[in-house]
Amino acid sequence: MRIPCLRFALIFLCAFPCAAALAQDYKVIHTYPHDPHAFTQGLIFADGHLYESTGEYGQSSLRMVDLETGRVLQEQPVAKEYFAEGLAAWNSTLVQLTWTSHVAFVYDRFSFRQLRTMSYPWEGWGLTNDGKELILSDGTPELHFLDPATFHELRHVTVKDHGKPITYLNELEMMHGEIYANVWHSDKIARISPRTGAVLGWIDLTGLLPANLRSSPEAVLNGIAYDAAHDRLFVTGKLWPRLYEIRVVKSVQQPNGGTQNQPK
């Protein structure tokens with residue numbers, strides 16, 4: 001996702017500030033260590049562990065990570081010609097996207113043995129599942145709903161906030177029946193209706209990682225994992241030394257036009 005700065009600025013200014021849905025705050029529940037060299041592209045939580053897809057050519061990998069220590073317990077390097085992206089679990093497999101190679105790798109979740117590959121026509125950015133379909137983002141306002149067995153598109157939605165398309169949708173996660181999506185180079189997460197693509201709200205994570213711990217301009221928020229068994233939400237970023245468990249705080253509109261924060 002290396003986009004010339006001027007083009008990025010123009011598209012971003014047109015797309016993101018138009019957002020009108022209510023923004024929500026957050027509370028940090030716990031802070032965990034995270035590999036500061038991991039260029040996080042995909043993040044999921046299953047079987048008590050984090051599974052992570054890291055990017056960059058020559059450095060991409062699939063990892064199983066211990067939540068408490070941040071230690072990599074198992075790792076499968078990705079061939080140097082691929083830039084790995086989003087990651088999703090499907091039954092006993094893990095599905096990992098690549099950025100511009102139009103190929104997804106399917107692994108056995110326990111051994112990390114590669115079982116097969118699948119192709120798709122878009123760029124690969126983020127990936128999640130809703131229990132029936134895989135959902136892919138490609139950096140545009142489109143989300144593609146795919147047959148997990150074939151990767152053929154079943155339908156798609158255009159993500160809009162009050163009619164304005166939202167671009168740079170990146171890492172994805174399903175939570176409480178909604179799609180949570182990082183917006184690349186933003187500190188906000190969009191909450192999206194999987195049925196219509198409408199933005200239901202924003203989670204504002206501004207200030208979550210202190211500025212002095214961001215090692216480069218590319219050390220941006222990117223990584224959402226949900227522990228459904230214990231209703232825990234985890235977030236991190238590319239090259240971040242920390243991973244956070246957070247609780248979303250819902251902003252409630254008051255009669256006088258102000259807002260009041262309440263736990264969600």
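Using a cutoff of 8 angstrom between alpha carbon atoms and counting only pairs six or more residues apart, the relative contact order for the chain works out to 20 percent. Total lysine pairs in the chain at Cα distances under 19 Å, for residues eight or more apart or on different chains: 10. Normalised Debye scattering of the chain at q = 0.14, 0.15, 0.17 Å⁻¹ gives log10 I(q)/I(0) of -0.92, -1.08, -1.42, counting only Cα atoms as equal scatterers and leaving out solvent. Kirkwood radius for region 18-97, taken over all pairs of different Cα atoms as the inverse mean of 1/r, rounds to 14.0 Å. Given R0 = 35 Å, the distance between the Cβ atoms of Val103 and Ala228 translates into a calculated FRET efficiency of 0.75. Pairs of Cα atoms under 8 Å, at least six residues apart: use those to get the relative contact order of region 90-153, whole percent. Relative CO of region 90-153 lands at 23 percent. Under conditions of 10 °C and 1.306 mPa s, region 56-205 yields 101 µm² s⁻¹ as its translational diffusion coefficient, taking Rh as the Kirkwood radius over Cα pairs in the Stokes-Einstein equation. Legend: calculated FRET efficiency, Arg71 to His162, from the Cβ-Cβ distance at R0 = 35 Å, rounded to 0.05, equals 0.20. Angle check, please: helix 5-15 long axis (alpha carbons) against the longest principal axis of the chain (alpha carbons), in degrees 0 to 90, nearest 10. Here the helix axis deviates by roughly 50 degrees.
Calculated accessible area for the chain comes out at 43 Å² per residue, all protein chains present (probe 1.4 Å; ligands, DNA, RNA ignored).
In the chain, helices alone account for a calculated mean residue ellipticity at 222 nm of -1500 deg cm²/dmol, with every DSSP H run of four or more residues adding -39,500 (n - 2.57).
With K and R counted +1 and D and E -1, the other residues having a Cβ less than 14 Å from that of Gln59 yield a net charge of -4.
Within region 170-201, which trypsin sites (Lys or Arg not before Pro) sit in a loop by DSSP and count at most 13 neighbouring Cβ atoms inside 10 Å? Within region 170-201, the qualifying trypsin sites (Lys or Arg not before Pro) (loop, at most 13 other Cβ atoms within 10 Å) are Arg195.
The values are calculated or read from the model by the stated rules, or taken from the named source; none is laboratory data. Model, not experiment: these values are computed from the prediction. Counting neighbours? That spans all protein chains shown, and the Cβs are built from the backbone with ideal geometry, glycine included. Accessible surface areas use protein heavy atoms only, side chains included; no ligands, DNA or RNA. Shrake-Rupley method; radii C 1.70, N 1.55, O 1.52, S 1.80 Å.
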